[in-house]
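Enquirer: Dumping the structure here so I can ask a few things about it.
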DNA sequence: GAGCACTGC
């Protein structure tokens, strides 16, 4: 029998206009060749372009770009800003004399699909007048391309070769409200460039919420006279349908159960239309999917006319399963997509009319006092809630069911903490230094990272090395700074070392990886290390399908080696080519690892790292890994768990490691630390090592011990 | 003893 239909009660306050800020019509299969239009159909394209809401602001936009160095465009979903604005600028002559109009996107697929669409509108193939540049795929022509779409990370890379971005006349940062790490870096750098290049125009496309923050940041007018502002704002209305928002009457004790009940309630009482439910992670998604599938079976047994088709969606899902959510269902079937946050920005599913929002999201957090990254289930922001709601109004008016009270909604923060404020800054600092920002403390951050992190350590160490000031710096800051010094990316004055630091910054990887790669040639194992580094960039080498866990685990054991995960990865690449499917390997990931490896090899050649092989000797490889990852070392504790060398923190081997469940090695290293649920700390990518290797590799690092509790540890290490 | 939101260079 079906469970009694929902006891959930919702109420609907005054209708809310969803503040939607994105307009990508994401075609997930963008690799097909674009259609070329003949002049006859071009007329209708012109008409379509004129119908977009942004069109009637055309002259105003061009006037603003002419008059202000920076223009903030608040453009709601479907207004056409991403595709039209660059074309208006092109038509108005902003791309003459070899200049380029650049438009950044936070995601690769978006850059490709938008470039394709704009090329289509202009009746040409992408890669000529309109092009794109993303990592591993440059589809632009240095001579011919006038409008270039690129990822924000790519723009930052380009600044290394061309610090003033001389080839660009205008740069538009799209989706700036998402505040990704690279968007924020680009924003800070562009402000700096604008002071030297008065002719460079910057357009920031953002949500309403942030417009003023961007305006105040970019406005260089200090006179108080608004007539002298250097930054203007323009709002363009969107083209979406209204979404009715409902809240629960009382707080929900268990949002997983509540999601299931709400789906059933919608199915029972609402008209046609697909459902999209947001949850925080894979486990929750699978749980809801399985509960709903049970219910759906019962419902069809009792003769419910309309069927439910329940589909999970998260990034770790195999590609073929992900594609299922885009398939159309017959009118007698209601599609229910149970997704993680991937459905909030990265993908758009057509046909969604009902959204269920649990109010939570899993976010990365960085704890500077432990140097450990963790994933924390956090309440979403209001901006995020409205983005989720907006997913219901893409095709026709929709409804959003929030599994929380209106009172709780009011307590949510206005926007999500920018990535810049919750990430490890070592790579950011290295990049900024490489871009000639000597004093990273003076860098104009749109949202400055917490002062208590490495930045403060840098300042204190740069200005004075007196004991008095050092006492104020906590141990971890010294360690972070020291880590970069030992890696030799920075000297003790905080300057980028040449060549080591300069080269490290050029690698699209964190400093530890770069160090390991650059030294691997002299260690005699660069061929192996480059493969291992590439493999470490993919999230999961192995896949564990929910219904075949045991069979998969059995297959995975076949690749395992006693030394640990790093050499197991090497083993996978050597033996995997046949039978990726049967061995339950991450096919997409392995393909990606191959491209990453190619890029790394090119950089290694550029820096003349000798191509050497350990010829089957594992120790050389492991020592080389320790060289980069010396700061991540642990030894076994009599309790059976591990303790970190740097601060005696309790650690466990992550269940995904091949060393999990085996006789634990005395020492482990090379791992990355993750804090997962219940405040337990885990090591991922673990390798068994010898204690004697650390002292030789990172003596300065562990010497720092004398400032704090590490002293006793160190004597045991060396 | 038991688990990994999502991007990007």
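Only the coordinates and a few stated rules stand behind these numbers; no lab work does. Keep in mind that this is a model prediction, so the values were computed, not measured. Ideal geometry is used to build each Cβ from the backbone, glycine not excepted, and the neighbour counts take in all protein chains shown.
Enquirer: Could you check the spin-label model distance between residue A:293 and residue A:350? Points 7 Å from the Cα along Cα→Cβ, value in nm.
Expert: Result for the modelled spin labels: 2.7 nm.
Enquirer: Just grab the label-to-label distance for residue A:235 and residue A:301, each label 7 Å out from Cα along the Cβ direction, in nm (one decimal).
Expert: Inter-label distance under the simple model: 5.4 nm.
Enquirer: How large is log10 of I(q)/I(0) for segment A:241-419 at q = 0.20 Å⁻¹ when the intensity is taken from the Debye formula with one equal scatterer per alpha-carbon?
Expert: -1.49
Enquirer: Could you put A:374, A:444 in order, starting from the residue whose Cβ has the fewest other Cβ atoms within 10 Å?
Expert: Numbers: A:374 20, A:444 14.
Going from sparsest to densest Cβ surroundings: A:444, A:374.
Enquirer: Still on this structure, please answer the following. How big is the Rg/Rh ratio for segment A:277-376, C-alpha atoms only, Rh by Kirkwood, two decimals? Don't jump to the answer; show the numbers that get you there.
Expert: Working: Rg = 16.1 Å, Rh = 15.1 Å.
Using only Cα positions, Rg/Rh for segment A:277-376 is 1.06.
Enquirer: Related question: Set the Förster radius R0 to 60 Å, insert the Cβ-Cβ distance between residue A:649 and residue A:56 as r into 1/(1 + (r/R0)^6), and round the FRET efficiency to 0.05. Numbers along the way, then the final one.
Expert: Numbers: r = 59 Å, r/R0 = 0.99.
The computed FRET efficiency comes out at 0.50.
Enquirer: Mind ordering A:125-132, A:538-545 by average Cβ neighbours within 10 Å, highest first?
Expert: On the way: A:125-132: 21.9, A:538-545: 15.9.
So the order, starting with the most tightly packed, is A:125-132, A:538-545.
Enquirer: Here's something else I'd like to know. Roughly how many Å is it from the Cα centre of segment A:183-260 to that of segment A:48-105, as a whole number?
Expert: Centre-to-centre (Cα) distance: 17 Å.
Enquirer: Test of understanding: what is the full-extension gain from residue A:197 to residue A:561, defined as 0.36 nm times their sequence separation minus their Cα-Cα distance? Don't jump to the answer; show the numbers that get you there.
Expert: Numbers: separation 364, 0.36 × 364 = 131.04 nm, distance 5.62 nm.
Full extension of this stretch gives 125.4 nm more.
Enquirer: Contour minus end-to-end for residue A:551 and residue A:495, with contour as 0.36 nm per residue of separation and end-to-end as the Cα-Cα distance? If you can, show how the numbers build up before the last one.
Expert: On the way: separation 56, 0.36 × 56 = 20.16 nm, distance 5.22 nm.
That works out to 14.9 nm of additional length.
Enquirer: Output the peptides A:180-187, A:207-214 sorted from most to least packed, where packing is the average of other Cβ atoms within 10 Å over each peptide's residues. Mind dumping the intermediate values first?
Expert: Numbers: A:180-187: 23.1, A:207-214: 18.5.
Ranked by mean Cβ neighbours within 10 Å, highest first: A:180-187, A:207-214.
Enquirer: With labels modelled as points extended 7 Å from the Cα through the Cβ direction, what inter-label distance (nm, one decimal) is found for residue A:216 paired with residue A:438?
Expert: That separation, rounded to one decimal, is 3.1 nm.
Enquirer: Now a separate question. Gain in length, residue A:282 to residue A:125, computed as 0.36 nm per residue apart minus the alpha-carbon separation, to one decimal in nm? Walk me through the numbers on the way to the answer.
Expert: Numbers: separation 157, 0.36 × 157 = 56.52 nm, distance 3.93 nm.
Contour length minus the Cα-Cα distance gives 52.6 nm.
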